[in-house]
Amino acid sequence: MSVPLGERSTTLRARDVRCTLGGETVLPGVDISVGAGELVTLVGPSGCGKSTLLRCLAGLVPLQSGRIEIAGRDVTNVPAEKRQVGLVFQDNALFGHMRVDRNVGFGVRHLPRRDRAARVAAMLELVGLAGLARRYPHQLSGGEQQRVALARALAPAPAIVLLDEPFGALDEVFREELGWEVRTILADTDTAAVLVTHDRREALSLGDRVAVMHDGRIVQCATPAEVYRSPTDRFVADFIATSSHLPAARPGEGLVRPHEVRVRAGGPCVVERVVFIGPGYRYTVRTADGALLVADLGPTEPLSAGAACDVEIVRSPLAPTSTEATGTTIAP
């Protein structure tokens, strides 16, 4: 039985983390926490500071100020190799001259030979590579190499695993498949983790919580559903998913997601663009009062660009309701 997020003990807690690189303040003061067995995805645009924050947590980049605790221990000034942290990078950083089993066993060299061999075998079994122990990294696919990197990170039984864009070099199909495999492995081993990604869909689908970064700060950290349905500001709303904005009485009321918009022929609005997206079509519609709405509709024959239309906004039960906007029909 999974433990509710609010009842988990804290594995990692970072407070007021400040970091300056090359004379530029990259992190002006970041707080983040990760519960035991929790996976937090850290997402944001390029250059927002997410990889720098991960490397500060790992001990690879020094802090200007702040405090980092792992498993209740202050590790702010502790070297990376003594922080009880497992690391997985996009390039996997495997030792090319070592076989798979020796790569995995690198972090447990202190164990007696028999115990080390048992630990390596268990980790390779865990990541589904039990038959590839004697191969070298260049003989593996990209996905297999990342599984080896994860097995190596987990072998010393770290308090937390930090993953920096681990699937970035993979194509979309294998990226999604491996992402779910990694999430399952972390859950099966009850390992806390932070996963850095620029892919918003990956962040929403894999994280127990999603931390959205912007200009060196975490601007929202909440469950995927909360971040999607109740973003704290327009940046989060637009970054985390395609969105439209209508005039509204209160902040957040005017946020409209594409699945909430219906389009029908005839009316005061105009179809500006129609794009085929596989399962259906994505419309961009200009309302009578000049607002733009994006709508995702099914595979029926689309209206053409320039066609007159009307729109209806159909809210899901958990979404905030919007006030009426000129040229639109708003449904409660």
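A few notes on this one:
- Counting the residues of region 97-135 that are within 30 Å of the chain's Cα centre (by Cα) and assigned to a loop (DSSP other than H, G, I, E, B) gives 3.
- Unmet criterion (only one of (1) modelled with pLDDT under 95; (2) on the phi > 0 side of the Ramachandran plot) for G29: (1)
- Pick from region 180-201, criterion surrounded by fewer than 18 Cβ atoms within 10 Å (Cβ to Cβ) and acidic (D, E), ranking: nearest to the chain's Cα centre (by Cα): E181
- C221 farther than 22 Å from L297 by Cα and crowded, with 18+ Cβ neighbours inside 10 Å: yes
- Residues located in region 3-62, provided they are of a type in the set (D, E, K, R) and either under 15 Å from the mean Cα position of the chain (by Cα) or in a strand (DSSP E or B) (or both): R13, R15, D16, R18, E24, D31, E38, K50
- Among the candidates E181, E125, the residue that is in contact (Cβ under 8 Å) with a residue 40 or more places away in the chain and not hydrophobic (A, V, I, L, M, F, W, C) is uniquely E181.
- Residues that are assigned to a helix (DSSP H, G or I) and either more than 19 Å from E260 (Cα to Cα) or charged (D, E, K, R) (or both), drawn from region 205-242: S205, L206, E226, R229, R234, F235, D238
- Criterion violated by G66 - all others in (1) modelled with pLDDT of 95 or more; (2) in contact with a Ser or Thr (Cβ under 8 Å, 6 or more places away or on another chain); (3) within 22 Å of T184 (Cα to Cα) satisfied: (3)
- Residues in region 202-218 include none that are loosely packed, with under 15 Cβ neighbours inside 10 Å, of a type in the set (A, V, I, L, M) and in contact (Cβ under 8 Å) with a residue 12 or more places away in the chain.
- Restricted to region 19-65, and to residues there that are over 26 Å from R200 (Cα atoms) and of a type in the set (A, V, I, L, M, F, W, C), the residue that is surrounded by the fewest Cβ atoms within 10 Å (Cβ to Cβ) is L21.
The values are calculated or read from the model by the stated rules, or taken from the named source; none is laboratory data. Quick caveat: nothing in here was measured; it's all calculated off a predicted structure. When we count neighbours, we look across all protein chains shown, and the Cβ atoms used for this are built from the backbone with ideal geometry, even at glycine.
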